[in-house]
Amino acid sequence: MANKINHLINAYRQLKQQAEDCVLATIIETFGSTYQKAGARMLITKQGKLIGLLGGGCFERDLIEQALSVFETGEAKAVFYDMRSPDDVVWGLGLGCNGAVRVLLQLLKAEEDFRPLNVIADAAEANLAGVLVTVYESGHPDFPVGHHFLLLRSVKRQLLTTTPFPFTAPTLQTLLQQKSRIESHVINNQAVGAFYDPLQPPLQLLVLGAGADAIPLVQLAKSLGWRVTVVDHRPGHIKKERFPQADRLLHLMPQDLNSSLELNRFNALVLMTHNIEYDERYLKSIMFSHIPFIGLLGPSHRKDRLLQSLGSDASRISNRVFGPVGLDIGAETPEEIALSIMAGIHAELNGRSGQPLSLKAASDLHECIH
């Protein structure tokens, strides 16, 4: 899913206030079992502070040392960590990661508004998806290591005319497959290696119902990097002091939902008014949306009743309605129920079963944690 950049967006706001250069570390290639996959990013300050995590402690200490040379020279560079040796001869950390990663280090200058972090943050704020293309090795003067450009999905029709050759085809493939990749190019007899990373805006959750049990759900979703909108038909429930972390608090009647919100921007919705009549009315108002996950509280027969209230139109959303919402973890408290709900949403949107990782084959473990 799309929440791998949220810590960077928050850090960008802080960096703008501090106006101090930092180094951006990006995983551009992995082999075997690794803590993070290509596209994961971390910031390193001049004081050695880390914002984010790439290796779970496997190579962060050395990355801090490598970042010092980037601060000194201002030149981007790629470093490679191979932790597949059973003897752990090189690092001597005994971590047993059994994988290898290639990391690109780039200097982000305060005087340049921390580019490319600024364009990543701007695209996220505008709710735009795209591909960030970054050169990680090069012998071409026009495309030095660290050279980058962001191509937005909203202007995909212009890619053929605005994307420098030969970056067009891999950019379109990355947009289509939504998977990071590296490509080698030859431009004027000079080798150029580029990293293509699909960027998605932060995930968005719509909570219909602002009861007490919605409070921990909003808190947990925000801690996971989601943008959260809370809607209720009762004005007394929509209070900032009750939901200080919510991005939007709206007093809306069901019939006003469509005209007030762009529903198709939401990745998931949880209906929790605890009132069967209002649940029916809100469900009817979202019937023509394309929200991929619609969660309902209560037993399965309650879900059946709500879908029956839609008549023949129920088929429009029935395959996207989950009720009771959440994974079976024995949840009882509002906080535990919130955990169950968010775990269920993540499993469904990622195409996962929600089964224990210990049941996965050892060879698949590095894939199932993402």
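The values are calculated or read from the model by the stated rules, or taken from the named source; none is laboratory data. Worth saying up front: this structure is predicted, and the values here are computed from it rather than measured. Quick reminder, even Gly has a Cβ in these numbers, built from the backbone with ideal geometry, and neighbours come from all protein chains shown.
Any idea how many residues of region 191-229 are among the polar types (S, T, N, Q), under 30 Å from Lys77 (Cβ atoms) and either touching a strand residue (DSSP E or B) at 6+ places or on another chain (Cβ under 7 Å) or surrounded by 20 or more Cβ atoms within 10 Å (Cβ to Cβ) (or both)?
0
Taken as a whole, region 258-267 holds at least one residue that is closer than 24 Å to Ser353 by Cα and surrounded by 15 or more Cβ atoms within 10 Å (Cβ to Cβ). Filtered by the rule that a residue be polar (S, T, N, Q) and out of contact with any Phe, Trp or Tyr (no Cβ under 6 Å at 6 or more places or on another chain), region 116-152 gives Asn118, Asn127, Ser138.
Mind checking which residues of region 304-331 are assigned to a helix (DSSP H, G or I), within 21 Å of Leu263 (Cα to Cα) and touching a residue at least 12 places away in the same chain (Cβ under 8 Å)? Break it down into steps so the answer makes sense when it comes.
Of the residues in region 304-331, the ones assigned to a helix (DSSP H, G or I) are 304-308, 311-316, 318-320.
Still in the list and also within 21 Å of Leu263 (Cα to Cα): 306-307, 313-316, 318-320.
Result: Leu306, Leu307, Asp313, Arg316, Arg320.
When Gly344, Gly354 are checked against the criterion of being surrounded by 11 or more Cβ atoms within 10 Å (Cβ to Cβ), of a type in the set (Gly, Ala, Ser) and part of a loop (DSSP other than H, G, I, E, B), Gly354 stands alone in meeting it. Of all the residues in region 1-60, those that are assigned to a helix (DSSP H, G or I), out of contact with any helix residue (DSSP H, G or I) (no Cβ under 9 Å at 6 or more places or on another chain) and within 18 Å of Lys109 (Cα to Cα) number 3.
For region 99-198, list the strands (runs of 3 or more DSSP E) that sit wholly inside it and hold at least 2 residues that are in contact (Cβ under 8 Å) with a residue 40 or more places away in the chain and over 15 Å from Ile5 (Cα atoms); which are they?
Result: 99-108, 130-138, 181-187.
The sole residue among Thr171, Thr162, Thr134 that is at pLDDT below 90, surrounded by 17 or more Cβ atoms within 10 Å (Cβ to Cβ) and over 30 Å from Tyr282 (Cα atoms) is Thr171.
Look at region 34-62: where a residue is small (Gly, Ala, Ser) and a partner is part of a loop (DSSP other than H, G, I, E, B) and surrounded by 19 or more Cβ atoms within 10 Å (Cβ to Cβ), sitting 6+ places away or on another chain with Cβ atoms under 7 Å, you get Ala38/Ser180; Gly39/Ser180; Ala40/Leu54; Gly55/Tyr35; Gly56/Tyr35.
Table: residues versus (1) polar (S, T, N, Q); (2) closer than 17 Å to Ile120 by Cα; (3) surrounded by 19 or more Cβ atoms within 10 Å (Cβ to Cβ); (4) within 18 Å of the chain's Cα centre (by Cα).
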residue	(1), (2), (3), (4)
Leu8	no, yes, yes, yes
Gln14	yes, yes, no, no
Thr26	yes, yes, yes, yes
Ala40	no, yes, yes, yes
Leu68	no, no, no, no
Glu72	no, no, no, no
